[in-house]
Amino acid sequence: MKKSIFVLALSMGTLAMHAQNDRTALEGTRPGDNWSIELKTGAVTPLTHSAFFKNARPAFGFGIGKQLTPIFGLGIQGMGYVNTSASKTAFDASEVSLLGKVNLMNLFGGYTGEPRVFEIETVSGIGWLHYYQNGPGDTNSWSTRLGLNLNFNLGEEKAWTLGIKPAIVYDMQGDFSRAKSRFNANNASFELTAGLTYHFMSSNGRHHFTNARPYDAMEVAELNDAVNGLRSQLNDKDMQLDNAMQQASNLQKELADCRSQAANVETVVKNNRIPESIVTFRQGKSAVDASQLPNVERVATYMKKHPEAKVIIKGYASPEGNLAFNEKLAKARAEAVKNILVRKYKIDDTRIASEGQGIGDMFSEPDWNRVSICTIEEGK
């Protein structure tokens, strides 16, 4: 009967494992993921004809575990039972066992993407049991272990687990030759231990399984088509930007030629025009290109010469695309110029105000509105 229950528990765990994989895509399922080590200590006493505390003797162990799914796991552990009698042996017995674990909380409640604070596991397994004798003649047997793990998962990362672990360990040989009974309470021990488990980091960057959104093939194909379309648009815009930059370069050269020409009359006009500097951006980008750094440096130089001056940076976006995205992009462009002034040129951020203005309409060409405009405020 008990063998049937044991087989049924393993079958339920296997079915639950497949059901979990069918319902939810998991991250952290590689062979090297979800390994753990455990140290445990406690006491063990005969199951029958004895008082727990009077006949208890110390027990300690070490284990290695592998979680196959959020429900089903495997492990191997070694236990040592300290001799407290007048015998000269240090240990009464030792046991090495192979374990199967089923997480009841995840089995019946589903896996939420991280371990719960408190969880219950059923544990069953078989092992090799060795009895130490005072002198020659140590004996060996094989054992069956049935128990529970009452686990408390600690910390934000759930990397540590503190567990209370009651279990019954049967000596399957015992008096089998006489009584023909494997699961005999007279040949069993009750074990109560506490264990501390560390869960190693997995490939998903966490100490446990995480849920991932599953994509079907059609959805992936649609996303790939969308990405390829965006790349094509980006290439077209890059070509347009290169042409615009070439035109700007030609205009700058013509301007330099004009300035180099001698003038018969030099007229100096003083006015109160507010100093400004314009930083342009690529479509959909908030990073400042190297070609635009002189425009930022111009602002930094002015502010270092005029310690009382402040600057207002207003970011704009061109009208292509989603309005909400363009508002965020405009804000990011203003912040990008501010960060360069603060980090590279060491301008106090209290002297800088950055604002996102959304879609700009300063210039007749829509593409020219991908800018951050830096306006100097003179100190008073």
Need one number: the % of Cα-Cα pairs in region 2-211 sitting beyond the 21 Å mark.
55 percent
All aspartates and glutamates inside 17 Å of LYS344 as judged from Cα atoms, apart from same-chain residues fewer than 8 positions distant:
ASP289, GLU297, GLU335
Per 0.36 nm of contour for each residue apart, how much would the distance between TRP368 and SER50 grow if the chain were fully extended, relative to their Cα-Cα spacing?
105.5 nm
Cα-based Rg of region 138-277 normalised by 2.2 N^0.38 Å, two decimals:
2.75
Is any residue of region 272-293 close enough, with backbone N under 16 Å, to a label point placed 7 angstrom from the Cα of LYS304 along the Cα-Cβ axis, and if so, which?
293
With the cut-off at 27 Å, tell me which of the pairs LYS285/LYS338; LYS237/LYS304; LYS54/LYS101; LYS237/LYS346; LYS253/LYS346; LYS66/LYS165 have Cα atoms farther apart than that.
LYS237/LYS304; LYS54/LYS101; LYS237/LYS346; LYS253/LYS346
Any idea what the alpha-carbon Rg over 2.2 N^0.38 Å comes to for the chain?
1.74
Over the chain: helical MRE at 222 nm, DSSP H runs n ≥ 4 each giving -39500 (n - 2.57), nearest 500
-10000 deg cm²/dmol
In whole Å, largest first, the alpha carbons of region 271-380 cover along the principal axes 40, 32, 24
Between LYS285 and ILE64, Cβ-based FRET efficiency (R0 56 Å, step 0.05) works out to 0.70
Kindly state, to the nearest 0.05, the FRET efficiency for ASP175 paired with THR112, given R0 = 41 Å and r defined as their beta-carbon distance.
0.30
Using 0.36 nm per residue, how much length does the chain from GLU377 to ILE37 gain when fully extended, once their Cα-Cα distance is taken away?
116.1 nm
In nm, to one decimal, how far is the SER85 label point from the ALA248 one, both placed 7 Å along Cα→Cβ?
9.1 nm
FRET E, pair ARG231, GLU327, Förster distance 30 Å, beta-carbon r, rounded to 0.05:
0.80
For LEU293 paired with PHE183, estimate the spin-label separation in nm (one decimal), with each label point 7 Å from Cα along the Cα-to-Cβ line.
7.5 nm
For CYS258 paired with ALA25, estimate the spin-label separation in nm (one decimal), with each label point 7 Å from Cα along the Cα-to-Cβ line.
5.8 nm
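Taken together, the values in this text are just the output of simple stated rules run on the coordinates, not laboratory data. Note that the structure is a prediction, hence the values are computed from the model and not measured. Cβ coordinates were reconstructed from backbone atoms using ideal geometry, including for glycine residues, and neighbour counts include every protein chain displayed.
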